[in-house]
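Enquirer: The structure's right below; bear with me while I get my questions together.
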Amino acid sequence: MASFLLPDRCALSPMAEAVAARTLPPLRRAHSYGFQPPVAIPCRPLGLAAARSIASHSSTLSAVAPETTAKVIDGKLVSNQIKDEVTAEIARMKNAIGIVPGLAVILVGSRKDSQTYVRNKKKACEVVGINSYEVNLPEDITEEEVVKHIASFNDDSAVHGILVQLPLPRHMKEENILNAVNIGKDVDGFHPLNIGCLAMQGRDPLFVPCTPKGCMELLHRYDIEIKGKRAVVIGRSNIVGMPVALLLQKENATVSMVHSYTKNPEEVTSQADIVISAAGVANLVRGSWIKPGAVVIDVGINPVDDAETPRGYRLVGDVCYEEACKVASAITPVPGGVGPMTIAMLLSNTLGSAKRIHNFN
Ligand SMILES: Nc1nc(=O)c2c([nH]1)NC[C@@H]1CN(c3ccc(C(=O)N[C@@H](CCC(=O)O)C(=O)O)cc3)C=[N+]21
């Protein structure tokens, strides 16, 4: 009953509408986690064609049940498992060689969302037993000053991982900052040498970027076959879309990228066995974009206005969950999907770094 009173969950943003009309302007945001003004436009109900197509593809469907429900890929659960594993390994290393991993987090400026993310990362470090070192710098600080802080963490033997929270203030060149991080402490995996190794056959980077690694970990832990499958990655950012496409390719998927200039994103996406969406556009991917039985990993974390919640907004993914869960065989929720995995992978990368630096296996 209450559901009649709630706002439509698959409200389209203007950006998603533009895509639906196949006139998507270039994405404005640098990465998939930024905030954008939410606008609610009701989502259409699942069309008859889509419902028929689901019915004809589902093997377990009974005549009276025209809809299937996808298995939920529980990122919160898996991230907790990984945190437990990391906790045990940290204790083992501490007992054996007396080393405790350390993570330095540099935050420039005072974006509310970035402050929240940094706070959550610090909390997660505490839970598993990683020492965290936080530096908060004013918005108007110079690049040189930020690089100085990075250099001092590069030289600090208590620090095994360095993370510069993104996005940086507009006046800074991300490249100059990220290049300054010692590649051996680049737990975000954003250093060009790490990305370069990720792209090459027969080479392994020192660190795999956390969100892409988290997506792959979810596929692995849910026994989803990647080899020989068609995968579509929506979005081509340096921090998610591009590296996750490289990882899928390394595991022998046939990978297509869908981006703001793709002619028919719906058609391309609907051929995929695995869809990874990292566009940062609320409800961009409709049920009709999903091939029946496909696996959907939703990386988007988009705030939309919701006066009913204490924060005044709620988080939705790039994928219209209510529609997609009736077509897909498995899907990640937002929140509780890829987000918690990003943090778990950061902890895992920091542990891995300390192990490598101290030659501990
Ligand atoms: N250098 C750098 N590295 C990053 O890894 C990085 C970054 N900069 N800048 C910002 C993005 C964003 N990001 C998230 C991490 C966890 C959740 C997360 O745990 N989300 C929860 C919801 C949290 C909530 O409810 O507010 C979830 O999806 O369930 C989300 C987003 C890491 N980022």
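Enquirer: Counting just the residues of region 209-254 that are among the hydroxyl-bearing types (Ser, Thr, Tyr) and within 18 Å of the chain's Cα centre (by Cα), which one comes out nearest to LYS291 (Cα to Cα)?
Expert: TYR222
Enquirer: Evaluate the following for LEU137: is it away from the ligand (no atom under 12 Å from the Cβ) and either more than 23 Å from VAL86 (Cβ to Cβ) or of a type outside the set (Ser, Thr, Tyr) (or both)?
Expert: yes
Enquirer: If you go through region 307-338, how many residues are within 15 Å of the ligand (Cβ to nearest atom) and among the charged types (D, E, K, R)?
Expert: The number of residues fulfilling the criteria is 3.
Enquirer: Are any residues in region 119-140 closer than 23 Å to SER157 by Cβ and in contact (Cβ under 8 Å) with a residue 40 or more places away in the chain, and if so, which ones?
Expert: LYS121, ALA124, CYS125, VAL128, GLY129, ILE130
Enquirer: Here's a follow-up. Which helices (runs of 4 or more DSSP H) sit wholly inside region 174-257 and have at least 1 residues that are among the acidic types (Asp, Glu), at pLDDT 95 or above and within 16 Å of the ligand (Cβ to nearest atom)?
Expert: The helices (runs of 4 or more DSSP H) meeting that bar are 174-178, 210-221.
Enquirer: So for region 188-206 (the condition being of a type in the set (D, E, K, R) and buried (at least 21 other Cβ atoms within 10 Å of the Cβ)), does at least one residue qualify?
Expert: For region 188-206, residues of a type in the set (D, E, K, R) and buried (at least 21 other Cβ atoms within 10 Å of the Cβ): present.
Enquirer: If you don't mind, there's one more thing I want to ask. Within region 127-165, how many residues turn out to be among the basic types (Lys, Arg) and within 27 Å of the chain's Cα centre (by Cα)?
Expert: The qualifying residues number 0.
Enquirer: Can you tell me how many residues within region 105-134 are outside any helix (DSSP H, G or I), in contact with a Leu (Cβ under 6 Å, 6 or more places away or on another chain) and away from the ligand (no atom under 13 Å from the Cβ)?
Expert: Residues meeting the conditions: 2.
Enquirer: Pairs needed: first member in region 76-99, at pLDDT 95 or above and within 16 Å of the ligand (Cβ to nearest atom); second member anywhere, hydroxyl-bearing (Ser, Thr, Tyr) and part of a helix (DSSP H, G or I); C-beta distance under 8 Å; at least 6 residues apart or different chains.
Expert: Final answer for the pair search is ILE82/SER348; VAL86/SER348.
The values are calculated or read from the model by the stated rules, or taken from the named source; none is laboratory data. Just so it is clear, the model here is predicted, and its values are computed rather than measured. Glycine also receives a Cβ, built like all others from the backbone with ideal geometry; neighbour counts cover every protein chain displayed.
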